[in-house]
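Trainee: Below is a structure I'd like to ask you about.
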Amino acid sequence: MSFKHHYNERMNERQLRILRELGELGSVTAVAEALLMTPSAISQQLRLLQRSIPVPLTERDGRRLVLTDAGRALAGAAIEVESALARARHCVDEFVDEPAGDVSVAAFHSAGATFFPILLRGRDPQAPRLSLADEDVAQDHFPRLTRDYDLVLAHHLAHAQPWPRTVTATTLLREPLDVAMPADHPLAREERLTPRDVADRPWITVHDGFPLMATIDAIAAAANRRLDIVHRINEFAVVAETVAAGGGLALMPRWTTRRHPALVLRPLSGVHAIRHIDVLHRPERVARKAVRTVLGELRRAAEAIRGADDADFEASGIPAVGPP
């Protein structure tokens with residue numbers, strides 16, 4: 001690092017403004033009154049600024065403190081600095097308040113398949129411009145995605161560890177996890193199942209590290225036996241086809257998976273079979289109006305999803321769960 005660069009790094013906007021005002025007002029007292037500071041605070045800031053400059057910026061003219069030639073040159077540059085900062089703040093204000101700005105949204109697969117079409121249908125040209133991405137990751141990786149996306153749809157089980165405090169989380173849905181089986185399966189005659197009912201059947205479940213595995217473990221603990229896991233599949237569309245082909249039972253989210261005509265879903269008693277679908281973001285992201293707008297759209301989409309599927313399940317005789 002050069003000597004000159006070392007000095008320039010230590011200037012700040014307040015010090016430059018004080019120097020500029022001193023050149024215009026002619027006294028430390030007048031600068032203090034104009035900037036609503038004490039004269040001693042003004043003098044301290046001038047001393048700090050002087051330590052970052054290798055030539056004198058001020059000198060005494062009788063009882064007055066005046067600028068040297070170097071001080072006047074730097075005060076002139078301070079005008080350009082303040083102008084540039086004002087332009088920068090204006091650009092930031094426009095970016096923050098822009099209603100149709102770009103907003104990036106990431107979601108795990110089943111949430112993306114459910115929420116993305118609702119966000120896109122009939123979109124107003126003046127609404128925020130969406131950039132959508134699928135990110136199906138292990139639960140503890142979701143917070144990291146907030147570095148790359150404005151909003152991240154993530155899922156975790158109700159009793160899991162809370163999200164880290166570095167992100168803000170809003171719960172969109174508390175979604176029941178039902179047991180999926182072929183329509184002609186013997187258990188399809190039951191209105192509700194227990195862990196003992198399903199423990200001796202072959203199972204299809206997700207890979208380790210993904211939230212649904214905790215519910216599988218809870219079923220095994222409640223039934224006091226280890227489940228026979230024969231297939232590991234994360235994508236629910238593939239799970240549904242595998243269940244329909246007789247590959248085993250599976251846990252399926254009630255609201256965010258497309259209904260398969262050959263399957264039935266049955267509620268599970270005796271374990272807490274609920275997953276949260278949350279939207280995560282870094283706190284500073286919602287300073288932008290466009291991000292706040294899309295966050296509101298996601299909340300309204302969640303209400304529509306929950307309401308529509310509650311009505312379907314009431315028609316089928318399966319009790320719905322309450323709102324989040």
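Every read-out reported here was derived from the displayed coordinates using simple, explicitly stated rules and does not represent laboratory data. The structure presented is a predicted model; accordingly, all values stated were derived computationally and were not measured. Cβ atoms come from the backbone with ideal geometry, glycine included; neighbour counts cover every protein chain shown.
Trainee: Using only the Cα atoms of the stretch 54-95, build the gyration tensor, take square roots of its eigenvalues as a ≥ b ≥ c, and label the shape rounded, prolate or oblate: rounded if a/c is under 1.5, else prolate if a/b is larger than b/c, else oblate.
Mentor: Working: a/c = 5.08, a/b = 3.24, b/c = 1.57.
Taking the square roots of the gyration eigenvalues as a ≥ b ≥ c, the stretch 54-95 is prolate.
Trainee: For the chain, give the magnitude of the charge dipole about the Cα centre (Cβ charges: +1 Lys/Arg, -1 Asp/Glu; no others), in debye to the nearest 20. Display every interim value, and only then the final one.
Mentor: Working: 40 positive and 42 negative charges, 195 e Å.
Charge dipole, the chain, about its Cα centre: 940 debye, nearest 20.
Trainee: Tally Lys/Arg at +1 and Asp/Glu at -1 over every other residue whose Cβ is under 12 Å from the Cβ of Glu235; what's the total?
Mentor: Details: positive: Arg232, Arg258; negative: Asp134, Asp136, Glu241.
Residues near Glu235 contribute -1 overall.
Trainee: What translational diffusion coefficient, in µm²/s and rounded to a whole number, does the Stokes-Einstein relation yield for the stretch 3-97 at 10 °C and a viscosity of 1.306 mPa s, taking the hydrodynamic radius as the Kirkwood radius over Cα pairs?
Mentor: Working: Rh = 14.1 Å.
The Stokes-Einstein estimate is 113 µm²/s.
Trainee: Can you match Kirkwood radius over Cα pairs in Å to one of these, [x] 20.0; [y] 24.4; [z] 21.3, based on a calculation from the structure here?
Mentor: From the options [x] 20.0; [y] 24.4; [z] 21.3, the structure gives [y].
Trainee: Show me the trypsin sites (Lys or Arg not before Pro) within the stretch 111-140 that DSSP assigns to loop and that have at most 10 other Cβ atoms within 10 Å of their Cβ.
Mentor: Numbers: sites: Arg121, Arg123, Arg129; in loops: Arg121, Arg123.
Within the stretch 111-140, the qualifying trypsin sites (Lys or Arg not before Pro) (loop, at most 10 other Cβ atoms within 10 Å) are Arg121.
Trainee: Run the helix sum for the chain: -39,500 (n - 2.57) per DSSP H stretch of 4+ residues, divided by residue count, reported at 222 nm to the nearest 500 deg cm²/dmol.
Mentor: On the way: 11 runs with 138 residues, N = 324.
Helix contribution divided over all residues of the chain: -13500 deg cm²/dmol.
Trainee: Sticking with this one: What relative contact order, as a whole-number percentage, does the chain give when Cα pairs under 8 Å and 6 or more residues apart are counted?
Mentor: 20
Trainee: In degrees, nearest 10, range 0 to 90: what is the angle between the Cα axis of helix 13-25 and the longest Cα principal axis of the chain?
Mentor: So the inclination is approximately 30 degrees.
Trainee: So, one more: Net charge around Thr29, counting only other residues with Cβ within less than 12 Å of its Cβ (Lys, Arg = +1; Asp, Glu = -1)?
Mentor: Values: positive: Arg63, Arg64; negative: Glu21, Glu33.
Summing Lys/Arg as +1 and Asp/Glu as -1 gives 0.
Trainee: Then there is this: Relative contact order for the stretch 3-97: what percent, with Cα pairs under 8 Å and sequence separation of 6 or more? Kindly include the intermediate steps, with their values, before the conclusion.
Mentor: On the way: 84 pairs, mean separation 29.6, N = 95.
In percent, rounded to a whole number, it is 31.
Trainee: Does anyone have the angle between helix 109-120 and the longest principal axis of the chain? Alpha-carbon axes, 0 to 90°, nearest 10?
Mentor: Compared with the principal axis, the helix lies near 60 degrees.
Trainee: Something else about it: Given R₀ = 25 Å, FRET efficiency for Asp208-Ala262 by Cβ-Cβ distance, to 0.05?
Mentor: Numbers: r = 28 Å, r/R0 = 1.13.
Calculated value: 0.30.
Trainee: Express as a percent, rounded to the nearest 5, the fraction of DSSP beta bridges in the stretch 102-316 (both residues included) that run antiparallel. Could the numbers behind the result be given before it?
Mentor: Details: 22 of 38 bridges.
Here the antiparallel bridges make up roughly 60 percent for the stretch 102-316.
Trainee: Follow-up. Tell me the label-point distance for the pair Ala127, Leu25, using the 7 Å Cα-to-Cβ offset, in nm and rounded to one decimal.
Mentor: 5.2
Trainee: Modelled label-to-label distance, Val230 and Leu85, 7 Å Cα→beta-carbon offset: nm?
Mentor: For the pair Val230/Leu85, the computed spacing is 7.0 nm.
Trainee: Quick check: residue separation of Ala70 and Thr170 times 0.36 nm, minus the Cα distance between them. What number comes out in nm?
Mentor: Working: separation 100, 0.36 × 100 = 36.00 nm, distance 5.48 nm.
The Ala70-Thr170 span can extend by a further 30.5 nm.
Trainee: Moving on to the next point. Have a look at Leu46, Ala86, Pro56 and report the one farthest towards the positive end of the charge dipole of the stretch 3-97, computed about the Cα centre with Cβ charges (Lys/Arg +1, Asp/Glu -1).
Mentor: Among Leu46, Ala86, Pro56, the one farthest towards the positive end of the dipole of the stretch 3-97 is Pro56.
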